[in-house]
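Asker: Please read through the structure below; I'll follow up with questions.
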Amino acid sequence: LCRFVVEGHIPYLNVFQHFPEKMKLCGLDLKIFCVESWPVYEEVYNKMLELAAFLDLPRFPDITDSCFLHPDMLCMKYLMEANLPDELHNWTCRVVKKICIGEADFLTLVPGNKSTRNVKYDVLAAAVIVVVLKLLFLLDDHYEWLLSDFAEERNKNNKEGGSYFEFKKWYKVIKCSLDVEQKRLDEEKAKYLWRCEKPLFYSAKKKSKVLKRRQMVVNLQNQFGKLSGSAQPAEKPNPSSFQLSWSEENTDGSCFYGHSLKGILQEKCGLLTAMNPDYWLCTVKLCTEK
Amino acid sequence: SSHEHKLTFKKSKEVCLSYIQDAMLQKQWKRAAEFLTFYIESLEKDFSTEYMGPSEMIWRIGTEILCHHSHSSMKEFNSFIEQMKTLGVKRYLKVCLEHAFHLLCNGLIDEAYQNLSLAESWRFGEQTAIQDKEMKLIQAYRGLLDYYSWSKQKTILLEHGQDGFEDLSVEQEMHSCFRKAAVNLREIIKIPGVWDLFVKCYVDLLEFYGDHNEARQVLNEYAYNSKFPANPNAHVYLYQFLKRHGESKKSLISALKILHDIVPSHELMIDFNMMLQKSKKRKKRRLGLEVIFAALDYAGWKENVKAWSCLARQVKQIVNSEKHLDWIKQEWNSRKDWWPAFHFSRYLAKRNWQDNESLSCEKALVAGILLGKDCKYFKYVSHQGCKARVKRFRILKKFVNKHNPAYLRISG
């Protein structure tokens with residue numbers, strides 16, 4: 001939601017532009033509608049809870065495993081976006097089941113009820129993926145590279161039968177893409193235009209001054225815009241659920257969906273488990289938040 | 001909630017500004033222009049409580065970009081600056097002044113003059129008094145341009161005079177430019193500061209109209225008023241003026257004295273030394289020796305034949321008279337550790353001999369007296385010179401050999 005707002009798909013900045021003529025803003029109203037910052041996740045989340053309680057809403061519809069907000073679904077989405085093997089989805093579902101966070105009672109929002117946990121669905125799903133990666137790869141900055149080297153060896157010597165997932169290769173691919181995307185995002189941030197054609201003003205007296213200033217700004221923008229060289233970019237792209245996307249049709253092997261986890265798994269009593277027996281808890285103390 | 005990560009308007013513009021700065025540092029003018037386009041809206045009323053002060057930033061950045069960007073024109077620049085002038089009353093005169101500079105740098109003298117005149121007539125309540133300094137500068141530069149017009153007309157007049165034409169209107173205009181220029185130039189040079197160009201022009205005007213007294217007063221003020229920063233040029237101008245008007249050696253020498261103190265390596269030190277050498281007063285001759293030694297301490301003088309010939313002449317004169325060898329000893333005391341390697345190495349002997357015989361001859365004399373006839377420099381040069389049968393080297397050799405005792409006295 002925050003991303004869509006920032007990308008301009010949902011009106012937020014300068015919303016008053018779309019108000020009808022009779023809804024003229026003046027005086028203290030300005031403070032409400034004049035946006036000087038983008039909303040932050042925590043703030044929106046807390047406000048959402050407050051609003052739900054304020055409106056005295058009843059228990060929301062149950063969240064089942066076919067709902068988008070269910071960890072099984074979200075994990076699949078995030079695994080795809082992170083370019084991780086499909087096989088990992090089995091593991092995320094196993095973890096979800098094991099710690100009972102897939103239950104409807106746990107997940108469904110009951111406004112105003114202090115005893116139920118308030119679940120941040122996206123954070124939860126991401127956490128499950130991290131836990132799965134730690135279970136399988138340990139992630140102590142040593143073991144995962146070891147496993148990766150084994151997989152690399154096997155892939156070199158065995159061309160048929162599909163690739164084993166190589167952590168190192170995956171990391172390189174995703175880091176590159178992330179860096180490029182981050183750089184682009186940073187530049188976009190620097191290029192946000194916050195003001196609009198219909199500027200706000202406190203009173204009728206200030207109106208002409210404000211409009212004059214607006215005119216100057218537009219003139220200067222045109223003048224330097226011409227000197228910017230390259231043609232202005234195309235209209236903003238359509239909203240998309242995914243920020244990163246990967247295609248299995250790419251022959252450069254940069255898509256890891258179909259890769260296998262065989263190299264790091266073993267069978268024990270009919271069940272597949274990780275070869276890695278340890279889990280590295282790298283926090284100083286446990287989280288106290290309820 | 002972590003407010004540091006909150007993207008506010010202020011932060012967004014700060015980030016934008018850093019992109020502009022990076023682009024400018026790398027001379028990527030198109031990219032800088034692109035980001036400036038997004039920065040410009042920070043001029044609009046900011047409803048947050050923090051004041052950003054973007055207008056000065058935009059003025060300076062915009063000016064830089066327009067100066068360097070390949071596609072920008074003078075017309076665009078002017079239109080941009082006119083908008084900048086309306087942005088901040090507190091900065092108005094400064095923007096006008098810098099605009100005028102820019103026009104001058106692009107050879108648009110008339111436009112610059114118009115701008116300055118317009119700025120001069122600006123009044124804005126108490127701002128006028130607050131921006132007094134800028135106003136004085138504006139008037140001073142306008143005065144300078146008046147001088148420039150005067151100078152052009154003077155040239156025309158002189159040409160016509162030669163051709164036998166009389167041009168009353170040109171003459172009248174010339175005098176009017178003079179009056180306008182004189183008023184403003186006189187005002188600015190009253191303020192302590194460095195006004196070299198203005199002083200020169202003002203003095204030029206005064207001399208032309210025969211007001212030598214005023215000219216001398218102006219130059220004296222400029223050179224000797226302690227409120228003004230130490231400025232070697234002030235003394236040079238005074239000296240040149242006095243010389244032009246045939247003043248006595250005494251005043252010429254006193255004019256150069258301070259110059260020697262401030263800039264011992266100045267090119268006028270040769271003239272100074274020559275005047276001092278010839279003086280009847282012992283103190284002056286002593287000073288002359290000090291002056292020429294001090295000048296030759298500087299690398300820029302190493303291969304200057306005139307400087308070495310001055311030193312050689314004075315050394316010869318002292319050695320011949322057998323009086324005041326202690327002067328040479330005093331001067332040599334602080335130099336004997338480093339001058340031999342600096343001036344009199346064997347390498348330099350070879351090079352000087354190859355490049356410039358006269359130079360090597362003068363230097364050899366000095367080396368022979370200061371370091372004795374057995375020193376590398378003298379031996380090499382005199383040997384080469386005598387081998388080549390050049391007369392003056394034979395004379396040199398004889399002289400140094402004859403006066404070896406002098407060397408012994410200096411070194412001992």
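Asker: Please state which of the following conditions A:Lys159 fails to meet, knowing it meets all the rest: (1) within 13 Å of A:His259 (Cβ to Cβ); (2) outside any helix (DSSP H, G or I).
Answerer: (1)
Asker: Any idea which of B:Trp301, B:Trp327 is in contact (Cβ under 8 Å) with a residue 24 or more places away in the chain and farther than 21 Å from B:Leu408 by Cβ?
Answerer: B:Trp301
Asker: When you go through (1) within 11 Å of chain A (Cβ to nearest Cβ); (2) modelled with pLDDT of 90 or more one by one for B:Ser48, which number turns out not to apply?
Answerer: Unmet condition: (2).
Asker: Tell me, which helices (runs of 4 or more DSSP H) lie completely within the range B:260-375 with 2 or more residues that are of a type in the set (Lys, Arg)?
Answerer: B:282-295, B:305-321, B:346-355
Asker: Can you give me the ranges of the helices (runs of 4 or more DSSP H) entirely in the range A:45-142 with at least 2 residues that are modelled with pLDDT under 90 and more than 30 Å from A:Trp246 (Cα to Cα)?
Answerer: Hits in the range A:45-142: A:104-107.
Asker: Is at least one residue of the range A:176-187 surrounded by 14 or more Cβ atoms within 10 Å (Cβ to Cβ), touching a strand residue (DSSP E or B) at 6+ places or on another chain (Cβ under 9 Å) and at pLDDT 90 or above?
Answerer: No, because not a single residue in the range A:176-187 is surrounded by 14 or more Cβ atoms within 10 Å (Cβ to Cβ), touching a strand residue (DSSP E or B) at 6+ places or on another chain (Cβ under 9 Å) and at pLDDT 90 or above.
Asker: Test of understanding: among B:Ala230, B:Ala223, B:Ala181, which residue is in contact with a His (Cβ under 7 Å, 6 or more places away or on another chain) and in contact (Cβ under 8 Å) with a residue 12 or more places away in the chain?
Answerer: B:Ala223
Asker: Across the range B:383-403, what is the total count of residues that are within 18 Å of B:Leu311 (Cα to Cα) and in a helix (DSSP H, G or I)?
Answerer: 7
Asker: Does A:Ile99 meet the test of being loosely packed, with under 15 Cβ neighbours inside 10 Å and either over 19 Å from A:Leu271 (Cβ atoms) or more than 22 Å from the chain's Cα centre (by Cα) (or both)?
Answerer: yes
Asker: Search the range A:201-215 for residues that are closer than 17 Å to B:Pro54 by Cα and of a type outside the set (S, T, N, Q) and pair each with any residue that is modelled with pLDDT under 80 and surrounded by fewer than 11 Cβ atoms within 10 Å (Cβ to Cβ) when their beta-carbon atoms are under 9 Å apart and the residues are at least 6 apart or on different chains.
Answerer: From the range A:201-215, the pairs are A:Arg214/A:Glu197.
Asker: A follow-up question, please. Kindly establish whether A:Val123 is in contact with a Lys or Arg (Cβ under 6 Å, 6 or more places away or on another chain) and either within 14 Å of another protein chain (Cβ to nearest Cβ) or surrounded by fewer than 17 Cβ atoms within 10 Å (Cβ to Cβ) (or both).
Answerer: It is false that A:Val123 is in contact with a Lys or Arg (Cβ under 6 Å, 6 or more places away or on another chain) and either within 14 Å of another protein chain (Cβ to nearest Cβ) or surrounded by fewer than 17 Cβ atoms within 10 Å (Cβ to Cβ) (or both).
Asker: Here is a check on your reading of the model: is A:Val210 assigned to a helix (DSSP H, G or I) and either among the acidic types (Asp, Glu) or away from every other protein chain (no Cβ under 14 Å) (or both)?
Answerer: No, not satisfied.
Asker: Next question. I need every pair where a residue in the range B:103-126 that is part of a helix (DSSP H, G or I) has its Cβ under 8 Å from the Cβ of a residue that is surrounded by 13 or more Cβ atoms within 10 Å (Cβ to Cβ) and among the charged types (D, E, K, R), sequence separation at least 6 or different chains.
Answerer: Between residues of the range B:103-126 that are part of a helix (DSSP H, G or I) and residues that are surrounded by 13 or more Cβ atoms within 10 Å (Cβ to Cβ) and among the charged types (D, E, K, R), the close pairs are B:Leu103/B:Glu111; B:Tyr113/B:Arg142; B:Leu116/B:Arg142; B:Ser117/B:Arg142; B:Glu120/B:Arg142.
Rundown of residues vs (1) assigned to a loop (DSSP other than H, G, I, E, B); (2) at pLDDT below 80; (3) within 19 Å of A:Glu166 (Cβ to Cβ), yes/no style:
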site	(1), (2), (3)
A:Gly225	no, no, no
A:Ser228	yes, no, no
A:Ala234	yes, yes, no
A:Ser240	yes, no, no
A:Phe256	yes, no, yes
A:Glu267	no, yes, no
A:Pro277	yes, no, no
A:Trp280	yes, no, no
A:Glu289	yes, yes, no
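Asker: Can you find, within the range B:15-45, the residue that is modelled with the lowest pLDDT among those that are under 19 Å from A:Cys196 (Cα atoms) and more than 7 Å from chain A (Cβ to nearest Cβ)?
Answerer: Among them, the one singled out is B:Ser42.
Asker: Okay, next question. Can we say A:Leu25 is over 27 Å from the mean Cα position of the chain (by Cα) and surrounded by 14 or more Cβ atoms within 10 Å (Cβ to Cβ)?
Answerer: It is true that A:Leu25 is over 27 Å from the mean Cα position of the chain (by Cα) and surrounded by 14 or more Cβ atoms within 10 Å (Cβ to Cβ).
Asker: Find all pairs meeting these conditions: Cβ atoms under 7 angstrom apart; at least six residues apart or on different chains; first residue within the range B:308-323 and among the aromatic types (Phe, Trp, Tyr); second residue part of a helix (DSSP H, G or I).
Answerer: From the range B:308-323, the pairs are B:Trp308/B:Leu359; B:Trp308/B:Glu362; B:Trp308/B:Lys363; B:Trp308/B:Val366.
Yes/no matrix, rows are residues, columns are (1) aliphatic (A, V, I, L, M); (2) buried (at least 18 other Cβ atoms within 10 Å of the Cβ):
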{"site": "B:Trp332", "(1), (2)": "no, no"}
{"site": "B:Pro340", "(1), (2)": "no, no"}
{"site": "B:Lys350", "(1), (2)": "no, no"}
{"site": "B:Asp355", "(1), (2)": "no, no"}
{"site": "B:Lys363", "(1), (2)": "no, yes"}
{"site": "B:Leu371", "(1), (2)": "yes, yes"}
{"site": "B:Cys375", "(1), (2)": "no, yes"}
{"site": "B:Arg394", "(1), (2)": "no, no"}
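Asker: Is the range B:216-231 home to any residue that is more than 21 Å from the chain's Cα centre (by Cα) and either under 20 Å from B:Arg142 (Cβ atoms) or surrounded by 20 or more Cβ atoms within 10 Å (Cβ to Cβ) (or both)?
Answerer: No, every residue in the range B:216-231 fails to be more than 21 Å from the chain's Cα centre (by Cα) and either under 20 Å from B:Arg142 (Cβ atoms) or surrounded by 20 or more Cβ atoms within 10 Å (Cβ to Cβ) (or both).
Asker: While we're looking at this one, here's another question. Name the single residue that is nearest to the other protein chains (Cβ to nearest Cβ) among those in the range B:58-93 being free of Cβ contacts under 8 Å to residues at least 40 places away in the same chain and among the charged types (D, E, K, R).
Answerer: Only one residue fits best here, namely B:Glu76.
The values are calculated or read from the model by the stated rules, or taken from the named source; none is laboratory data. The structure displayed is predicted, hence computed values, not measured ones. In this analysis, Cβ positions are derived from the backbone assuming ideal geometry, glycine residues included, and neighbour counts consider all displayed protein chains.
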